[in-house]
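Every read-out reported here was derived from the displayed coordinates using simple, explicitly stated rules and does not represent laboratory data. The structure displayed is predicted, hence computed values, not measured ones. Using ideal geometry, Cβ is built from the backbone for each residue, glycine included, and neighbour counts are taken over all protein chains shown.
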Amino acid sequence: MAKGIEKKDLEILKSLHNDFPVLERPYKEIGERLNIPERYVFKRVKTFKRKNLIRGIGPNLNLERLCLKTTLIALKAPKKKFKELIKFINSYRSITHNYLRDNEFNIWFTLSYKERKEKNALLNKIKKIFNIQEILDLETIDRIKLKTNFFYET
Amino acid sequence: MKLNKLEKNIINGFSSLKIDSITPFKAMSEDLNIEQDELIEKIQKLKKMGIIKKISARIDYSKFGYSKNSLVAWDIKSSKVKKIARQIDRLSFVSHAYIRKTTPDFRYNFFTMIHARSKADLFDNINDLARLFCTTDFKQLDTLKELKKSAFFYNG
């Protein structure tokens, strides 16, 4: 059981996370799944939103169907111009995840692209502007698992 | 598959879905300048086409106590991947697992994202995987800070 979260709340969160109903009244559908009234689900959802437990609701996409490839990029960010570099990286909408990690390669981000040349152009730009020599470009070959259910499983 | 303009706008338009409305798709349909019924029908179609796998609430896991997270990269022979895939599917503390290309500077091909509530739990989880994979050869890349986490944007 997740820390400090009540069982009913966890069930609602699980339902919102696993399959948000694409219906005019989604909270009615969730209520029916869990055997609780729509107005109760709605009340709890508003609380989750207020407490920022939910960051947003959106589609999980099949990127291959959209002819997109992905890669994981790592680089050694110099202390000088660190903030500018992060700002530059984060400004790209094709970069959705960016993390500071405990390693000499300290910046790790994911990038989606259509063509390699488009990806290489961006990486060369980063190298040039921020005077970075080494970049790890770890292209995705296969996805083995993507399941973020750990927050309610344990 | 190429999406038309409306489909593209729908995929990119979920930021205007109003979670704290009893009809959350209403505001989104107004922003897209279409009827709510049409929006719902189009999203369901994108789901049927397999472009949208599901609509999902993005959860802030740190609010559930998951503050110790690590990307751990392993050197796994391709002949062992299938067996390992089955095994990690049952381990909920592994959220993501990817096979990636290696480079001369980085020879680890198997990436796992591991979540825990404490340093001790994280250590245990990584140890469990090391025993499962029969290797002590891995690179542990602890998450120090989230610099960006945003919804996907489709440029088309």
Legend entry - chymotrypsin sites (Phe, Trp or Tyr not before Pro) restricted to DSSP loop in the range B:104-156 with at most 16 other C-beta within 10 Å: B:PHE153
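Using a 10 Å cut-off on Cβ atoms, rank the peptides A:99-105, B:82-88 from the highest mean neighbour count down.
On the way: A:99-105: 15.7, B:82-88: 14.1.
Packing order, densest peptide first, comes out as A:99-105, B:82-88.
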Inset, instruction - Report the one residue of A:SER91, A:LEU72, A:HIS17 whose Cα lies farthest in the direction of the positive end of the charge dipole of chain A (charges on C-beta: Lys and Arg +1, Asp and Glu -1; origin at the Cα centre). - result: A:SER91
Legend entry - If the convex hull is drawn through the Cα atoms of the range A:1-86, its volume per residue in Å³: 198
Legend entry - Selection from B:ILE22, B:SER118, B:SER95, by position along the positive dipole direction of chain B (Cβ): B:SER95
Legend entry - A:LEU61 long-range amide H proximity, modeled H, under 5 Å: B:LYS53
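Ratio of the range B:20-67's C-alpha Rg to 2.2 N^0.38 Å, to two decimals?
On the way: Rg = 14.4 Å, N = 48, 2.2 N^0.38 = 9.6 Å.
Its radius of gyration relative to the 2.2 N^0.38 Å reference: 1.50.
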Inset, instruction - Would you mind checking the pairs B:LYS18/B:LYS148; A:LYS49/B:LYS68; A:LYS69/B:LYS148; A:LYS147/B:LYS47; B:LYS53/B:LYS119 and listing those with alpha carbons more than 27 angstrom apart? - result: B:LYS53/B:LYS119
Legend entry - Gap separating the Cα centres of the range B:46-78 and the range A:85-100, nearest whole Å: 18
Inset, instruction - Report ³J(HN,Hα) in whole Hz for each residue of the range A:122-136, in order, from the Karplus equation J = 6.51 cos²θ - 1.76 cosθ + 1.60 where θ = phi - 60°; Gly and Pro get x. - result: 5, 5, 5, 4, 4, 4, 6, 4, 9, 6, 10, 8, 9, 10, 8
Legend entry - ³J(HN,Hα), Karplus 6.51/-1.76/1.60, whole Hz, each residue of the range B:114-124, x for Gly, Pro: 10, 10, 7, 8, 9, 4, 5, 5, 4, 4, 4
Inset, instruction - Taking each pair of different alpha-carbon atoms in chain A once, compute 1/r for the pair, average those values, and report the inverse of that mean as the Kirkwood hydrodynamic radius in Å to one decimal. - result: 18.7
Inset, instruction - List the residues whose amide H sits under 5 Å from the amide H of B:LEU141, counting only those 5 or more places along or on another chain, with H placed 1.01 Å from N in the peptide plane. - result: B:LEU71, B:VAL72, B:ALA73
Legend entry - Amide proton proximity set for A:ARG101, modelled H, under 5 Å, gap of 5+: A:ILE107, A:TRP108, B:LEU144
Inset, instruction - Compute the normalised compactness of the protein assembly as shown: alpha-carbon radius of gyration over 2.2 N^0.38 Å, N being the residue count. - result: 1.05
Legend entry - Cα gyration tensor shape for the range A:71-117, rounded if a/c is under 1.5, else prolate or oblate: prolate
Inset, instruction - Putting +1 on Lys and Arg Cβ atoms and -1 on Asp and Glu Cβ atoms, find which of A:PHE82, A:ILE129, A:ILE107 reaches farthest to the positive end of the dipole of the range A:72-131. - result: A:ILE129
Legend entry - All-pairs Cα distance distribution in the range B:14-129, expressed in whole percent, bin size 5 Å: 2, 9, 14, 14, 12, 11, 11, 11, 9, 6, 1
Inset, instruction - Would you kindly derive the ³J(HN,Hα) couplings of the range B:34-47 from the backbone phi angles with the Karplus curve 6.51 cos²θ - 1.76 cosθ + 1.60 (θ = phi - 60°), listing them in order in whole Hz, with x for Gly and Pro? - result: 10, 6, 4, 4, 5, 4, 4, 4, 5, 5, 4, 5, 4, 5
Inset, instruction - Check the straight Cα-Cα distances from A:LYS28 and name the aspartates and glutamates below 14 Å, setting aside those fewer than 8 residues away within the same chain. - result: A:ASP19, A:GLU38, B:ASP20
